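*Asks:* Below you will find the structure I want to go over with you.
We did not get these values from a lab; they are worked out from the coordinates using the rules stated. In this text the structure is predicted, and so the values were computed from the model without any measurement. Using ideal geometry, Cβ is built from the backbone for each residue, glycine included, and neighbour counts are taken over all protein chains shown.
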């Protein structure tokens, strides 16, 4: 397919998404809009983890940590000084925290940048570790972030966290960032830098022999991934309007990992599809945890059932369809075109 | 202090793993534009020599000089950048990538526009990547794989994988190429073609080639200089004819295998 | 700080350390053989404690019997986990099994939430463990002696199995080279199953004693001790049983003593272990007693 055709199709797709959002904003109820918002955030998070793990082969379990950093930085920047005066009851906020204020776009970007900086600093020592050791060390990092968030009440309000974070993260912001993430990740991975990431994933030793500065590229992928994890965390904070350290438990990383594995490690379109599917599924599964009344009978909800089903699904995917939905394949315009052409031809 | 005609020189390379000395005081000077061979029985330390030259191992003692400048102790990617490329005994391709992508990765280290240019969609980036793709296709053409450019590398037949590995190494624009058992697993016909192929790339790319090989016919035919290792020690060095008649070599190595050669 | 208090802290760290050590042994044995971080191990620990609770409260079993049954059950559960979630992935990339392990961990944890509910429950403790013994200024709970003593007994039993039995020989063979063990006719799958059984039994024992020491049951109680025990295993040198024991004791000691001497840092208590982990991985990834493995070029 010709380059310009692909570009016009991409523009068309974005326009179609815009139209859909415009329609959704007016026609759908708050609950459905919330799900749409979560989809966008989950796609951002899945893409960022897929870049790190699926495409560069760095098994990182630290996503919750980067998300926490993004969420806290963004929240501090968009909470008004007056709100912060009310919020900080465990100890007066540090002057810098108290005074800081920024528009939403800047706040989200700052959250991403703070997470990226953390990714860079953490990656410098940790990315020398291989596979499972890297996973466990990054998991350790995420836990340390949580413990710190609990213990610096003058910055994070300790275990109480923040409430009443302005809910700026509407459909437009979330999908704007989502499209931006998608754009960056696609550009990156379709360039030769992307080839180098995949080379490191496939065979690190051969990559070294081919003149690839493996460590630098790992760091690059990890830092960019951390940036978007931070962005996702920032958007999530504004979307949910409350955050506290408990929110950033390993479960959060687990959910993102689930999306990435389901979609296919090393498939962008897989992450997008699974981001939509799993978010909807997770919301749908909420029903099993809420009490349901059926013809006058009150069936009690079963807390925990959602994650039972969810984790069982992950085990089944790993056991029976390790490559997930897409494996390393992608849905491309020319692929779709070929599909239609074949059908039309008959 | 280097002689003009020498491209790469190893001086007293020694590699010890704990108590085991894998290679002891390996010294060699490889004439520019030559094809040289490194032979010896299994476990003689040949691949260890390769690993020391290419920076995968830091030699316990000794140094490597490329064009008179020291390169030992530098990481593999810098050694590669300096112009030393290699292939592996057990082929190491990027299996999930296409044939073309494999070669492009080899071209990466000469690339000027980086990831930021790619994200910002700078015209210079697109221009460069287009030029790189063209060059990669030329390389694939040279090794006879152009028609397979879109195939997944791991799906190629064995011989094609060997050639792809060489094409990928050539994409780094080396001046010195190390081939680790390039003829392993090939039939006589293929080996014959490989010999011609190695000569061709030497001419075409202005290379110096050092190869490890067990196929004596290939080594004796193609190499101008040969080093023989046994138990990590260099037991002989010289032209093929001299090596073939060297009693120590015959005793250590050629004796049983190539008495009829 | 006077010496009586110091002794008190020392005994506390011995108790905590031996609990970590018992869990760490399971991690280290499985990792030594399969190169797998068995994330589900901390849930086995948790279930061990719960089984006793239900045995005593629901079926009115005597405490020692409930404890014994719980250990047997969890051992079976450990074997089942291996059979279902890990064995089919023996030939898959290592990370696949790890993801499966994470899945199993979440699964068991949430099954526990479904069946036992998330609210914490108080634990029954036999009275004879509760009456303090007073030795001068030192006030001793029998528990602080019981836990290290029983742990020591279990560890000695383990050492016997690993170094004096044919099964133990098989374990050591597999951890050296699983391929060759297959070829030499070692019943690899059976021995791996036994390893999971033993590791899980020890984790259950630890969980039961943990519940005596910190008498509160929660489905998420396994997470933090499990992680710390894993860190202890890494610290001691993953794959080495002696290392796991030493690592557990050291970690218990560091934790108790840091909080005792620097009460200001108590809030960071859970972070110590992780900082220790990262430090070890960076400076001595093989741990105290571990063997080095090189990437082959």
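*Asks:* Which three extents, in whole angstrom, do the alpha-carbon atoms of the stretch B:94-171 cover along their principal axes, largest first?
*Replies:* Its Cα atoms span 39, 23, 19 Å along the three principal axes.
*Asks:* Now, a different point. If I model a spin label at residue B:245 and residue C:149 as a point 7 Å from the Cα along the Cα→Cβ vector, what separation in nanometres do I get?
*Replies:* Label at residue B:245, label at residue C:149, 8.7 nm between them.
*Asks:* Also: Using only Cα atoms, what Kirkwood radius does the protein assembly as shown have, in angstroms? The partial results should precede the final answer.
*Replies:* Details: mean 1/r = 0.0326 Å⁻¹.
Evaluated on the protein assembly as shown, it is 30.6 Å.
*Asks:* Still on this structure, please answer the following. If all Cα-Cα distances of chain C are sorted into 5 Å bins from 0 onward, what percent lands in each bin, rounded to whole numbers?
*Replies:* All Cα pairs, binned at 5 Å, distribute as 1, 6, 11, 16, 18, 17, 13, 9, 5, 2, 1, 0, 0 percent.
*Asks:* At R0 = 41 Å, how high is the FRET efficiency between residue C:214 and residue B:121 if r is their beta carbon distance? Nearest 0.05 is fine. Please list the in-between numbers first.
*Replies:* Values: r = 58 Å, r/R0 = 1.41.
Result of the calculation: an efficiency of 0.10.
*Asks:* Obtain the nm distance between the two label points defined at residue C:183 and residue B:217 by a simple spin-label model: each point lies 7 Å from its Cα along the Cα-to-C-beta direction.
*Replies:* Each label point is offset 7 Å from its Cα along the Cβ direction, giving 3.0 nm.
*Asks:* Calculated FRET efficiency, residue B:154 and residue C:72, Cβ-Cβ r, R0 30 Å, to nearest 0.05?
*Replies:* So the FRET efficiency works out to roughly 0.05.
*Asks:* Translational D (Stokes-Einstein, µm²/s) of chain A at 37 °C and 0.692 mPa s when Rh comes from the Kirkwood sum over C-alpha pairs?
*Replies:* On the way: Rh = 21.2 Å.
For these conditions, the coefficient is 155 µm²/s.
*Asks:* Using just the alpha carbons, could you tell me how many Å³ per residue the convex hull of the stretch B:18-105 encloses? Before the final figure, lay out the partial values.
*Replies:* Values: hull volume 12.5 nm³, N = 88.
In the stretch B:18-105, the Cα convex hull volume per residue is 142 Å³.
*Asks:* Could I ask something else about it? When the convex hull of the C-alpha atoms of the stretch B:134-261 is computed, what volume per residue in Å³ does it have?
*Replies:* Working: hull volume 15.6 nm³, N = 128.
So the per-residue hull volume is 122 Å³.
*Asks:* Here is a follow-up. How many nm is it between the label spots at residue A:309 and residue C:115, if each spot is 7 Å from the Cα in line with the beta carbon?
*Replies:* So the label points at residue A:309 and residue C:115 sit 2.0 nm apart.
*Asks:* Figure the gain on full extension for residue A:10 and residue A:286 (residue separation times 0.36 nm, minus the Cα-Cα span) and round it to one decimal in nm. Mind dumping the intermediate values first?
*Replies:* On the way: separation 276, 0.36 × 276 = 99.36 nm, distance 3.44 nm.
Full extension from residue A:10 to residue A:286 adds 95.9 nm.
*Asks:* Turning to a different aspect of this structure: Please work out the Kirkwood hydrodynamic radius for the stretch C:14-138, using every pair of different C-alpha atoms, and report it in angstroms with one decimal place.
*Replies:* Working: mean 1/r = 0.0607 Å⁻¹.
Value: 16.5 Å, from the Cα pair sum.
*Asks:* Give, as ranges by residue number, the residues of the stretch B:67-109 whose backbone N falls under 17 Å from the point 7 Å along Cα→Cβ of residue B:32.
*Replies:* Flagged as within label range: B:67-70, B:82-84.
*Asks:* Place a point 7 Å from the Cα of residue A:170 along the Cα-to-Cβ direction; which residues of the stretch A:223-239 have their backbone N under 15 Å from it?
*Replies:* Only A:239 fall inside the zone, counting backbone N under 15 Å.
*Asks:* Same structure again: For a Förster distance of 25 Å, can you work out the FRET efficiency between the beta-carbons of residue C:140 and residue C:265, rounded to the nearest 0.05? Please report the intermediate quantities before stating the final value.
*Replies:* Working: r = 26 Å, r/R0 = 1.06.
After rounding to 0.05, the efficiency reads 0.40.
*Asks:* Then there's this: Could you give the Stokes-Einstein D for the stretch C:168-297 in µm² per second, using the C-alpha Kirkwood radius, 20 °C, 1.002 mPa s? Intermediate values should be presented prior to the final figure.
*Replies:* Working: Rh = 16.7 Å.
Once the numbers are plugged in, D ends up at 128 µm²/s.
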